[in-house]
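To start, the structure under review is shown below, and the notes come after it.
The values are calculated or read from the model by the stated rules, or taken from the named source; none is laboratory data. Just so it is clear, the structure is predicted and the values come from calculations on it, not from any experiment. FYI the Cβ positions are ideal-geometry reconstructions off the backbone, even for glycines, and counts take in every protein chain you see.
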Amino acid sequence: MLTAKNAGTEESLVPRKRSGRVVACTILLLVLLIVVGWTAREVQRQQRNRNLIAAIKLYDASAVEQLLQKGADPDTVDTILPPVTWRQVLSDFWDHLSHKEQPKLGNPALLVLFGPVGRVPNEDVPQAEAILKSLLLHGANPNGKGTDRVDGNVLKDVLGGGLAHKYMEAVNLNNVNLLLEHGADPNERDRHGQIPLFYADSAGIVDALVRHGANVNLRDKKGHTALWRAQRQPRLIDLVPLLVKAGATL
């Protein structure tokens, strides 16, 4: 039998249930707004990064600088990103909350700049040099590795003539110094076990590498040092005294 007391209790529960539903709906709405807002920013970020890679491949230095100023990732890779789906969005959002970083598949922007063979076309060198500077100033990692160019090394690309001007064999020392000042590893080995010092072709470059910590006695896979190489190439013979002074041995 329903008493006045019980009726009053039931009536008081109705507003509480409604209040609970309102709170739950409000929380759900806030979560949805956060996810949608994050998704919109993520889509914009991915588009900026796609545009950055495209601008680098076109050697458009002005567009690269503008995109970097707008927040494009200087270490973005040239991978083809899949279409955005809600499942992927929720997965990425969860990774974002848990600070879990997904591996980047592809070549980082600096390696993209030098193309698949580590060389910039002669007519595009001035623009490429400007892009190199922009990427480094915005925090690009000069030691980044790619999944396509696993042996890629930006410092080696520059020393190997990747940014050599037409009719000019000398490597631009400013580009070498720029990379070293932004953290390029002077002892990074390639697939032959050689470090950038093996590719040095001038006194200024040898000096820059040594000042930034190049080990003059590191040997390649054949057991040779940079001094051994310099002694056997007439065009590099002037580097021998510099290497010996820095402590190099055969």
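How many of the residues making up the range 55-76 are in a helix (DSSP H, G or I) and surrounded by 15 or more Cβ atoms within 10 Å (Cβ to Cβ)?
Number satisfying all stated conditions: 9.
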Residue, nearest to the chain's Cα centre (by Cα), within the range 195-206, restricted to residues that are surrounded by 20 or more Cβ atoms within 10 Å (Cβ to Cβ) and over 16 Å from GLY162 (Cβ atoms): ILE195
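A quick yes/no check of all residues on (1) under 21 Å from the mean Cα position of the chain (by Cα); (2) outside any loop (DSSP other than H, G, I, E, B); (3) among the aromatic types (Phe, Trp, Tyr); (4) more than 22 Å from VAL120 (Cα to Cα):
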| residue | (1), (2), (3), (4) |
| --- | --- |
| ASN175 | yes, yes, no, no |
| LEU178 | yes, yes, no, no |
| GLY193 | no, no, no, yes |
| ALA208 | no, yes, no, yes |
| ASN215 | no, no, no, yes |
| ARG219 | no, no, no, yes |
| LEU236 | no, yes, no, yes |
| VAL244 | no, yes, no, yes |
Conditions (1) modelled with pLDDT of 70 or more; (2) assigned to a helix (DSSP H, G or I); (3) of a type in the set (Ser, Thr, Tyr); number of the one not met by THR79: (2)
Qualifying residue in the range 21-44 (condition: at pLDDT 70 or above and within 24 Å of PRO116 (Cβ to Cβ)): no
Close pairs (8 angstrom Cβ cut-off, 6 or more residues apart or separate chains): within 12 Å of ASP73 (Cβ to Cβ) in the range 35-48, of a type in the set (Lys, Arg) anywhere: ARG48/LYS70
Odd one out for GLU123 among (1) farther than 24 Å from PHE198 by Cα; (2) modelled with pLDDT under 70; (3) among the charged types (D, E, K, R): (2)
Residue under evaluation ASP190, criteria (1) of a type in the set (D, E, K, R); (2) in contact with an Asp or Glu (Cβ under 6 Å, 6 or more places away or on another chain); (3) modelled with pLDDT of 90 or more, criterion not met: (3)
LEU173 modelled with pLDDT of 95 or more and surrounded by fewer than 21 Cβ atoms within 10 Å (Cβ to Cβ): no
